[in-house]
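The values are calculated or read from the model by the stated rules, or taken from the named source; none is laboratory data. Quick caveat: nothing in here was measured; it's all calculated off a predicted structure. Reconstructed Cβ throughout: ideal geometry from the backbone, glycine too, with neighbour counts over all protein chains shown. Surface areas here come from the heavy atoms of the whole protein model, side chains and all, with no ligands, DNA or RNA. Shrake-Rupley method; radii C 1.70, N 1.55, O 1.52, S 1.80 Å.
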Amino acid sequence: MTTDFTLEELQSATRNHGMPLEGLAYATTPVGMHYVLTHFDIPRVDAATWRLEVDGRVDRTLSLSLEELRARPRVTQPVTLECAGNGRARLEPRPHSQPWLDEAVGTGEWIGTPLGPLLQDAGLLDDAKEVLFTGLDRGEQGGIVQWYQRALSAADCLRPEVLLAYEMNGEPLPPQHGFPLRLIVPGWYGMTQVKWLHRITVLDEPFWGYQQNVFYRIAQHEDDPGVQLSRMYPRALMVPPGMPVFETRERLLPPGHHPLQGRAWSGWGSIDRVEVSTDAGQHWQAAALEPPTAPHVWQAWSLDWEADEGRHELLCRATDAAGNVQPLVPQWNLKGVANNAVQRLVVQVRRELAPAP
C-alpha cells in the first residue's frame, strides 16, 4: 500500500477523527468516539440569535428559533452514520483527500423533530422538486467558494424518518456535530447530513452544487459524470481481538478459544448475513447475527474462534437484504468514495502470551 501521505492529508486527518474500532463494542457510540468530518471550519453559533429559515417554493416562509423547533413534536431515533470516504486510504493509487481507513462510522441517538411536517406547515407548492439544505460552514473546494450545501428530492424529505436534530445522545449537539441543528437522513452516507443547518430552500428544479454534482460521485475520471452517492453500501467491522502492537496495530493473542464480535450495517436494508474468515479468505464461516434494534442502526454479530499458533488474517463481510455483498478487493474511483471492501486484521497467535498456569 502506498504510504506517501502529504502534509495536506495529515492536516486534514488531525482536524477529523474516526471511531476507534474498539468502540464497536458500544451499541450507541459515546459522543467523543463518534467519527467527525468537517469540510471547512466549525462555525461558532450563538443559539440565542440563530434561526432556521425555510423559503423557496412554499406557501409561506418560516423563520424558527431553536426554542420554537424544540416545541415541535420530539422524536428520538438511533441512526448509524458513515462517511462516504471511509476506506479511501486503502485505494491505490490513493485519491488525495481525508485519508480514512475503516473507522469513519458511529451510531448516535439523534433527538429532534421530523422534517416532513415542518415542510408541510410551510406548504410545498405543486412544482416542488428538490429541497436544498445550507449549512453555516463556508470555504473553497475545487476552486469554488461555497457554503456547504446538499439537496434531496421533495419525496425523500417527506419520509417520516428524516429528522432535524438538535440533540445527540441526550445532550445538545456538540459544536463538531453541527450545533445547534443538523439534518439526519437515515441510511444515507454522512455527506447528506448537513450540519450547522440554517436554511432550507424548496426548489422547482434540480440543484447544482459542488458537493452534490462533483465530489460525492462514483466516477472513474474527471470527464465521467459518474453515479451520485446516496445510501450506504454494506459493511461489517470487527472489534480488534486481543491486544495491539503499538507500532503496527497488529493483534496478539494466545492460542485457544476467542470470541470474535463486531457490527454490520447497510443503507439498502437490514443485514442478512455476516461471514468471517480466519485464513485470509480461503474459507468462510457464518457468524451469529442479531436482529437490528431499530430500523437504521448497525447489527451485532459474533463468532467463536479456536485460534492455533501462527499468523492469521481475519476478514469479515456483510450481505444486505437487497443482495449487496462487500467485495474482497477495493473498487477504485476518482474521489475515493464508497470503498466498502472487507476489513482485514492481522493476528499473531503466540503460545508465550498464554497466562501462567
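Observations on the structure shown:
- The selection criterion, being more than 19 Å from the chain's Cα centre (by Cα), over 30 Å from residue 332 (Cα atoms), not aliphatic (A, V, I, L, M) and not in a loop (DSSP other than H, G, I, E, B), holds for residue 67.
- Flag for residue 159 being out of contact with any Leu (no Cβ under 7 Å at 6 or more places or on another chain), of a type outside the set (Asp, Glu) and part of a strand (DSSP E or B): no
- Matching entry among 56, 87, 32 (being closer than 30 Å to residue 250 by Cβ, touching a residue at least 12 places away in the same chain (Cβ under 8 Å) and not acidic (Asp, Glu)): 87
- Filter result for residue 186 (at pLDDT 95 or above, within 30 Å of residue 96 (Cα to Cα) and either of a type in the set (Val, Ile, Thr) or open to solvent by less than 10 Å² (accessible area, probe 1.4 Å) (or both)): yes
- Residue-level analysis places residue 142 among those that are at pLDDT below 95, of a type outside the set (D, E, K, R) and either surrounded by fewer than 17 Cβ atoms within 10 Å (Cβ to Cβ) or within 27 Å of residue 266 (Cβ to Cβ) (or both).
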